[in-house]
Structure formats: structure tokens, C-alpha cells
Amino acid sequence: QLQLVESGGGLVQPGGSLRLSCAASGTIFTIYTMGWYRQAPGKQRELVAVTTKGGSTTVVDSVKGRFTISRDNAKNTVYLQMNSLKVEDTAVYYCNAVASVIATKTPGSYWGQGTQVTVSS
């Protein structure tokens, strides 16, 4: 199977920065996409940014120009650099990977446990 472990969340003041990391491990065959979603209290989980194996990226308008997604294929790790953070960025951030494992070679969606990001003065 495949496991995703996130790190880097925390408490930061408005205008500050954080960098999230998510490392995939397990019997990985191929990782197609890796991305970040977030869920604020009382709201649905939403896409923040995603990157493909080939390096193309998509960042939602609400964080464009402030957040950058990057990926290290050799380490099976995806990063989310978050700058100019706003109070409304407060949420639990979840890592997601669309990948196949050696046993089945069938693409599936995998989730990390989530990491809390709180932006507050």
C-alpha cells in the first residue's frame, strides 16, 4: 500500500509563511499526481494545488501568487510553500496522491492524516 505523511503545519501570524511537506512511502509503482487540499471548520474540503509527474501545476485562484507547489519525484515528496498567509487560509491541510501500488498497478486516491495551519494574530 501507500502512506502519506505530512509535516510543517503550525501557528503563524497574518503575512507570515509556512512550508508543508508530504512524503509518500510504501510499495509504490507510479505516482501520477500529488496535491494539497484544505478543509476549514464548517466547510467542504477544497483543492489548493496539484502537480503532475511531468511537473505541470495547478493552483486555485484564492492562493495564486501566494502559494507554490513543488515536487521531488526522486523522494516521492510534494511541498507547499505558503507565503503572505491570511486568516482565511486557516484550515486542516491534506496531502493527496493519485498513484498505483505494485500489488495491483491500479490507480487509486490516497490521503494523508492532515496538518493544521492556523493564521492568527
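The values are calculated or read from the model by the stated rules, or taken from the named source; none is laboratory data. The structure presented is a predicted model; accordingly, all values stated were derived computationally and were not measured. With ideal geometry, Cβ positions are generated from the backbone for all residues, glycine too; neighbour counts draw on all protein chains shown. Calculation scope for accessible area: heavy atoms of the full protein, side chains included, ligands and nucleic acids excluded. Shrake-Rupley method; radii C 1.70, N 1.55, O 1.52, S 1.80 Å.
What number, in percent, do you get for the relative contact order of the chain if the mean sequence gap of Cα pairs under 8 Å and at least 6 apart is divided by its residue count?
Taking the mean separation of contacting Cα pairs over the length of the chain, I get 36 percent.
Can you compute the equivalent ellipsoid semi-axes for the chain, i.e. the square root of 5 times each eigenvalue of the Cα gyration tensor, sorted largest first and rounded to whole Å? Could you put the intermediate results ahead of the total?
Working: eigenvalues 133, 38, 29 Å².
After scaling each eigenvalue by five and taking roots: 26, 14, 12 Å.
Using a Förster distance of 22 Å, how high is the FRET efficiency between residue 25 and residue 45, based on the Cβ-Cβ distance and rounded to 0.05?
On the way: r = 23 Å, r/R0 = 1.05.
Calculated transfer efficiency: 0.45.
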Can you tell which of 117, 49, 106 lies farthest toward the positive end of the dipole of the chain, using +1 and -1 charges on the Cβ of basic and acidic side chains (Lys, Arg; Asp, Glu)?
106
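Percent of accessible area on the chain owned by carbon and sulfur, 1.4 Å probe?
51
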Estimated distance in nm for a label pair at residue 103 and residue 32, the labels positioned 7 Å out from Cα along Cα-to-Cβ:
2.0
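Counting only heavy atoms of the protein chains, get the accessible area per residue of region 58-121 (1.4 Å probe) and round it to a whole Å² value.
On the way: 3140 Å² over 64 residues.
So region 58-121 comes to 49 Å² accessible per residue, rounded to a whole number.
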Rounded to 5, the percent of DSSP beta bridges in region 3-121 classed as antiparallel:
95
